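The values are calculated or read from the model by the stated rules, or taken from the named source; none is laboratory data. Keep in mind it's a predicted model, so treat the numbers as computed, not measured. Note that we place each Cβ from the backbone using ideal geometry, even for glycine, and neighbour counts take in every protein chain shown.
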Amino acid sequence: MYFIDNKKLNRNVKSIPKAAKKINASDMPNVEARLTAVDYTALSKTELYFAFSLVTSLFFLWGLSYVGLTKTQSTLLQFAYFVSYLLVSPPMGMFMRKYGYKRGIHIGLGLFSIGAVLFWPSAKYEKYGMFVAFTFVAASGLATLETAANSYITVLGPPSHSAMRLTFAQAFNGIATVIGPIIASHTFFNGANQYSLDTVQYVYLALACFALLLNILTAFTKLPEVKQAVNLSQDEILGQQGLRRQYHLWFGVLAEFFYVGAQVAVASFTIFYITEQPGIYPPISSATASNMFSGCQAVFTFGRFLGVLYLKWIDPSFALFINGLGICLFTILTATVSGKGGIACLFLIFFFESVCYPVIFSVATADLGTYAKVGAGFVALGVSGGAVYPSMQGAVSDHVNTLRSFFIPLTGFVPLMLYGFVMWIVNSRKYSGQLTIWTRKTNVNIEENDEQIGSGATQRDTETSASFGDDEKETKVFKKAAQE
């Protein structure tokens, strides 16, 4: 197993609130105004659907990027992959606040293409250092894309349904993680080529070409710069405080860090858990366990599509709490129950994990207004938790057993559950005045700059309706406020 020194990484995570002190209204006054950003009500229904579809294709890309990674992966490669989120996401969020989503997407796709293409000489000359360096470059591109795409999807419609939209978009990530290994196993990783570095060249060359095509498509299409709609009182608070006292953001970053770390650990040890089951004789083969892991990914993807349905009506924070509760329960059972029962509980962990990442992201970046992109960069930083937890679980697996090692991910899932519970109570009181499990319906008033959304733009887009199944009444409230 592998071991990673976590002290430096943990110190960086603890210093996040200190770094936020530099990010306030006085440091970057009205920087987003120069982008002539608009809220979603200024876009036609066609523009909303097109922008949503184009950005959703990015989720499919980084789902495919996992193809074949474990075939050549080692401790340092995995560390380089996840640490890129720690180092790249926050500054890219600040960059996009100033220069817009589209430029951020271009940079992300460009970095990923460069890193993926350069896997070719790395594999050809079998230089391990090159693999590590270009893994970091490619992952930096993915970190940039994740910051941009996640944030962009959340602002393409009424805020009350941002979690639903992001869950739907990220479901295509799940589809790619299911079909990607299947395509690779039949096309690249088969027969004598199964463990050859030559196969990696073609996998990442194909991914680089796909990213290049997306970059070209993005360059020749009009991708509107959309800003997050917030009410006037929240806008005034942000103007005075910046991000310093947006506690739902900072606790969301921590929840994301712990959750992603635990999620990656569970995925990393799924095959070991299945093959080393003490209650099954003869032991399950690695090939069968690999197919069962694909089944876990399919359950995960199904859970996301199911989440799209209930997140239309259920409060995202409450949904996060319930899913976190389910994860904690079945993680305990997975660590204590052996045989087929334990494997069944493992499948259910994947099911309850399904909506957690997009929901944490949408809850943590809510009500940030012009700081939404910066907040998105910090939340994406939480992915770096994947560099920490697998090594911890590996140590327990080596010294005890794989079954009991699943208590380690539990320590990451508990903060997730608590964050959902606290945010459910806070948001219920804030928006409804009472504890409720239903999606909030808020009358949000928007104050626009004259050059951003004029009455002409509002009248031009009077056909705009609630997109992606959102509430039509809420959209009308936004439009009325924009006209005023």
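Here the helices (runs of 4 or more DSSP H) wholly within region 46-160 that include at least 3 residues being at pLDDT 90 or above and over 23 Å from ALA265 (Cα atoms) are 75-99, 101-117, 128-155. Restricting region 399-431 to residues that are of a type in the set (Ser, Thr, Tyr) and under 18 Å from ALA163 (Cα atoms) leaves a set whose member that is nearest to the chain's Cα centre (by Cα) is TYR419. Taking residues in region 230-244 that are closer than 18 Å to LYS373 by Cα, and partners anywhere that are surrounded by 15 or more Cβ atoms within 10 Å (Cβ to Cβ) and of a type in the set (Phe, Trp, Tyr), the pairs with Cβ atoms closer than 9 Å and at least 6 places apart or on different chains are LEU238/TYR371; GLY242/TYR371; LEU243/TRP250; LEU243/TYR371; LEU243/PHE378. Give the residue that is surrounded by the fewest Cβ atoms within 10 Å (Cβ to Cβ), with candidates limited to residues of region 268-302 that are small (Gly, Ala, Ser) and free of Cβ contacts under 8 Å to residues at least 12 places away in the same chain. Going through the qualifying residues, I end up with ALA287. Taking every residue in region 365-379 that is farther than 23 Å from VAL83 by Cα and pairing it with any residue that is part of a helix (DSSP H, G or I), at least 6 positions away or on another chain, the pairs with Cβ-Cβ distances below 6 Å are ASP367/GLN234; LEU368/GLY375; GLY369/ASP235; GLY369/LEU238; THR370/GLU32.
For region 390-419, the tally of residues that are crowded, with 23+ Cβ neighbours inside 10 Å, more than 17 Å from HIS248 (Cα to Cα) and either modelled with pLDDT of 95 or more or of a type in the set (A, V, I, L, M, F, W, C) (or both) stands at 6. Counting only residues that are closer than 21 Å to LEU166 by Cα and either surrounded by 22 or more Cβ atoms within 10 Å (Cβ to Cβ) or of a type in the set (Asp, Glu) (or both), region 319-349 holds 7 of them.
Do you know which residues across region 216-236 are at pLDDT 80 or above and crowded, with 16+ Cβ neighbours inside 10 Å? Answer for region 216-236, where residues must be at pLDDT 80 or above and crowded, with 16+ Cβ neighbours inside 10 Å: THR218, LEU223, PRO224, GLU225, VAL226, LYS227, GLN228. Scanning region 97-126 for residues that are farther than 13 Å from GLN201 by Cβ and among the basic types (Lys, Arg) yields ARG97, LYS98, LYS102, ARG103.
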